[in-house]
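Structure record follows, encoded as structure tokens.
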Amino acid sequence: TLLILALAFGPRTAEALDLPVTLNDGAIWIQTSVHSRTDTRKGIIHPMTATSVIKTTYRKDSGANTLRQDFVSFSVDGVGGEQLKALADQAKLIYPAVIEVDDALRPSRVREWDKMRETIFETVATQVPDARAVAAVRANYDKMDASQAAALFNEQSLVSLGQGTGLELGDTRRYEGETPNSLGGPPIKTSGSFLLESIDKAKGHAFIVS
């Protein structure tokens, strides 16, 4: 489950509308994502909840609008010490990053991808002692160009799905679509839903569960 705290919320309507997002140049918000899942091993269910926090800055550009995303924090319920550090190091591999976005804030291209990719390789090489594992990571990332690398920002892609969509308080809106396959090959089919759980018009805050 991905919980999104949107710091700006457009007009609500009973119909879904395809409207661009209107943001001021330099707008900044904190994007908090909570991922919950369950693993079943030997008949025992193991729930896990991870929370990532990203700082996002919007910039208007004559060529393409961009989002700069900076890693803030990563946590997993019930996990600490070296294990949590290893997971956090993995989570922040792709940050900081500047990604080009469309009017719905959907990622389309990663700027300076070649430089960023080399930084990822250098970081992985210091964290992973297995040379074969490092080589496998390099092989996968080497296949990506700047446009394909945009698929790495899956959370931002999920956020963009609901932009400009009319949501009624308490109503669930379901969707189906496709997301690029970062490893190449056909796109991956996706499905999910949006639920406007609460809204505070005075503060300009909306809480959307996706």
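The values are calculated or read from the model by the stated rules, or taken from the named source; none is laboratory data. Quick caveat, the model's predicted, so the values are computed rather than measured. Cβ coordinates were reconstructed from backbone atoms using ideal geometry, including for glycine residues, and neighbour counts include every protein chain displayed. In case anyone asks, the SASA skips ligands and DNA or RNA and just uses the protein heavy atoms, side chains included. Shrake-Rupley method; radii C 1.70, N 1.55, O 1.52, S 1.80 Å.
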(request) Can you spot the aspartates and glutamates whose alpha carbon is less than 14 Å from Lys55's alpha carbon? Ignore those fewer than 8 places along the same chain. (result) Asp70, Glu155
(message) Probe radius 1.4 Å, ligands and nucleic acids left out: which of Lys201, Lys143 has the largest accessible area, and how do the rest follow?
(response) Lys201, Lys143
(message) Defining a contact as two alpha carbons under 8 Å apart and six or more residues distant in sequence, what relative contact order in percent does the stretch 101-148 show?
(response) 47 percent
(request) Go ahead and run the numbers for FRET between Tyr175 and Val79, Cβ-Cβ distance against an R0 of 22 Å, rounding to 0.05. (result) 0.10
(message) If I take every Cα pair under 8 Å that is 6 or more residues apart in the stretch 33-180, average their sequence separation and divide by the length, what percent do I get for the relative contact order?
(response) 16 percent
(message) At 1.4 Å probe size, what's the solvent-accessible area of Glu118? Round to the nearest 10 Å².
(response) 80 Å²
(request) Using R₀ = 22 Å, calculate the FRET efficiency as 1/(1 + (r/R₀)^6) where r is the Cβ-Cβ separation of Lys143 and Ala64; round to 0.05. (result) 0.40
(request) Treating cross-link reach as a plain straight distance, find the lysines whose alpha-carbon is under 20 Å from the alpha-carbon of Lys115, omitting any fewer than eight places away in the same chain. (result) Lys92, Lys143
(request) With a 1.4 Å probe and all protein chains in place, put Lys55, Lys189 in order of accessible area, largest first. (result) Lys189, Lys55
